[in-house]
Each structure stands twice: as structure tokens, then as C-alpha cells.
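Reviewing the structure listed below.
The values are calculated or read from the model by the stated rules, or taken from the named source; none is laboratory data. Owing to the predicted nature of the structure, the values given are computational and were not obtained by experimental measurement. FYI the Cβ positions are ideal-geometry reconstructions off the backbone, even for glycines, and counts take in every protein chain you see.
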């Protein structure tokens with residue numbers, strides 16, 4: 001079944017709008033950019049084939065949910081946890097590539113549930129209610145995980161930042 | 001980076017933008033639906049088979065046409081140990097009618113080559129009355 005033209009345009013627009021954040025989210029689970037990108041493409045191709053998006057209420061949260069399922073299913077099938085490849089995840093501000101590397105490593109050290117909340121809230125721009133729905137927890141739990149995660153990230157990133165500031 | 005509360009640290013994190021990703025490879029796939037591509041494969045395959053068939057028939061006709069023709073009698077291929085497609089094609093091409101060609105293609109029993117003082121096992125078995 002071919003999707004309606006309007007639906008196709010909407011799906012393509014959603015891809016342009018949220019694709020990068022979706023890949024980042026998948027990347028924090030798989031650890032490999034190619035796998036993350038494959039998972040996101042797989043989700044969008046399925047949507048384009050079925051035109052199924054009209055039934056989804058909150059489209060952005062629905063997309064993050066689909067990508068999460070796709071990545072976790074693939075990980076289950078292959079029975080492996082993604083290694084952390086050394087390719088960049090972010091385009092850093094002011095070409096701060098060492099900051100990008102620190103952020104990536106700090107994210108990788110977070111427990112899965114905390115990392116998911118951080119990525120969904122900061123880069124996916126989902127509210128805690130949306131994150132809670134997606135992960136099957138309350139919004140309070142999502143917010144609490146977020147605060148813990150943010151504290152750990154700050155700890156991991158600040159000492160270097162301070163030492164850099166001190167050396168200037 | 002100054003002392004950051006949660007909000008400012010969050011804004012700092014947001015300055016790291018997720019990398020721009022490759023274009024969705026769906027455009028081409030969407031425009032050629034699966035059913036249509038399967039149909040295309042069948043059509044192309046059928047056309048290729050038809051072309052090969054026509055070329056082979058024409059080649060055979062050309063070869064037969066260049067061979068010297070005898071009078072009105074049926075041109076029989078040289079005696080061969082068995083019936084081959086090539087022989088059948090040659091016969092069909094040269095026979096005056098389809099029926100004549102079919103008659104020539106029909107199985108002809110070979111004459112018995114059993115010497116007079118011996119008997120054919122098949123003949124003996126054929127005469128025997130077997131009780132079941």
C-alpha cells in the first residue's frame with residue numbers, strides 16, 4: 001500500500017526535523033553510527049511504506065519510540081552490546097573537539113536509563129512526561145534520572161573545563 | 001565555563017548539535033513500488049527470453065537455408081544414433097508438410113538382428129503363458 005502524498009511529505013519533513021536527534025539517540029544505544037543510522041532509516045522506510053504515522057498522536061515521541069524498539073530488537077537479535085566507536089556524535093560549539101570527545105565518553109559511562117533520558121530531553125527536546133511515556137516510567141522518575149545524569153555529566157566535564165580555563 | 005546550574009549546563013550541552021545525517025534513501029524506493037519492480041523484472045525477463053528464442057530460430061533457419069536442396073523428396077538428416085533437437089528442427093524446416101515431418105520423427109522399430117539359429121528372449125517371453 002502506498003502512503004498518501006500528504007503523509008509522505010509529512011514523514012520526510014519529520015525526518016529532516018528530527019532525524020539527527022533520532023540518530024544520536026540510536027547512537028547512544030548502539031555505539032555505532034552506521035547501525036544507528038540504519039535503524040533510523042529502517043523506521044522511516046517502514047513509515048513511508050505503510051503511511052502509518054497518522055495514527056500516532058505525539059509524532060515526535062512516537063518516532064523516538066520506534067527507533068528505540070528498532071535498535072533494541074536488533075541488539076537482541078545479535079546478542080551484543082554496541083562498542084563505542086571513535087566517530088564524533090556532535091558538531092561541537094567553537095570547534096571544541098576535545099569537549100565533544102569528553103561529552104561522548106561521559107554519556108557512554110552513564111547507565112542506559114539515565115543516558116536515554118538525557119538524550120531524549122536535551123537533544124530530542126521531549127518533555128519529561130513524553131520521556132516517561134516512551135520509557136514506561138512516570139514523569140517524576142524521568143526527571144529524577146535526568147538530574148542524576150546531569151550531575152554525573154557535569155562532574156565528568158567540569159574538571160577539564162576548569163583546568164582549561166585556568167591555563168588561559 | 002562558569003559554575004553552572006542545571007539549566008545553564010543544559011544550555012551548554014545543547015550547543016553540541018547532533019551531526020547532520022545522510023539523506024533518507026527512500027525517495028527512489030518510494031517511487032518504484034515493489035509490485036511494479038517485480039512486474040518490470042518479469043517483463044524484461046520475458047522479453048529477453050523471446051529475443052533469444054527468435055535469434056536461435058533465425059540462426060537455425062539460416063543454416064538450413066544455406067544447405068544444398070534436393071528434389072521434392074524429403075531431406076533426411078544423416079543417420080544419427082538418436083533423435084536430436086537439431087535433427088528435428090532440420091526436418092521440420094525441410095519437410096513438405098508438418099504431418100510428413102511428424103511421420104519421419106516417429107519411432108521406427110529396428111529390425112531384429114537375431115541370427116536364424118537363435119531366439120530372441122523377448123520373443124520367447126512373449127509366447128510364454130504366465131499365470132498370475
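Residue-by-condition table, conditions (1) within 30 Å of residue A:45 (Cβ to Cβ); (2) modelled with pLDDT of 95 or more; (3) surrounded by fewer than 19 Cβ atoms within 10 Å (Cβ to Cβ):
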| site | (1), (2), (3) |
| --- | --- |
| A:63 | yes, no, no |
| A:71 | yes, no, no |
| A:85 | yes, no, yes |
| A:88 | yes, no, yes |
| A:95 | no, no, yes |
| A:113 | yes, no, yes |
| A:153 | no, no, no |
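Residues that are closer than 23 Å to residue B:17 by Cβ and part of a loop (DSSP other than H, G, I, E, B) are absent from segment A:129-151 altogether.
Restrict the check to segment A:131-138 and report whether at least one residue is surrounded by fewer than 14 Cβ atoms within 10 Å (Cβ to Cβ) and within 27 Å of residue A:10 (Cβ to Cβ). Yes, segment A:131-138 contains at least one residue that is surrounded by fewer than 14 Cβ atoms within 10 Å (Cβ to Cβ) and within 27 Å of residue A:10 (Cβ to Cβ). Only one of these conditions is not met by residue A:48: (1) within 14 Å of chain B (Cβ to nearest Cβ); (2) without any contact (Cβ under 8 Å) to a residue 40 or more places away in the chain; (3) more than 21 Å from residue B:19 (Cβ to Cβ). Which number is it? For residue A:48, the exception is condition (2).
Pairs are defined by a Cβ separation below 6 Å, a sequence spacing of at least 6 or placement on different chains, a first member in segment B:3-24 that is under 15 Å from residue A:153 (Cβ atoms) and more than 7 Å from chain A (Cβ to nearest Cβ), and a second member that is modelled with pLDDT of 85 or more and in a loop (DSSP other than H, G, I, E, B); no pair meets this definition.
It is to be established whether one or more residues within segment B:37-52 are exposed (fewer than 13 other Cβ atoms within 10 Å of the Cβ), touching a strand residue (DSSP E or B) at 6+ places or on another chain (Cβ under 9 Å) and at pLDDT 75 or above. No, every residue in segment B:37-52 fails to be exposed (fewer than 13 other Cβ atoms within 10 Å of the Cβ), touching a strand residue (DSSP E or B) at 6+ places or on another chain (Cβ under 9 Å) and at pLDDT 75 or above. Only one of these conditions is not met by residue B:25: (1) more than 30 Å from residue A:19 (Cβ to Cβ); (2) touching a helix residue (DSSP H, G or I) at 6+ places or on another chain (Cβ under 7 Å); (3) at pLDDT 65 or above. Which number is it? Every listed condition holds for residue B:25 apart from (1).
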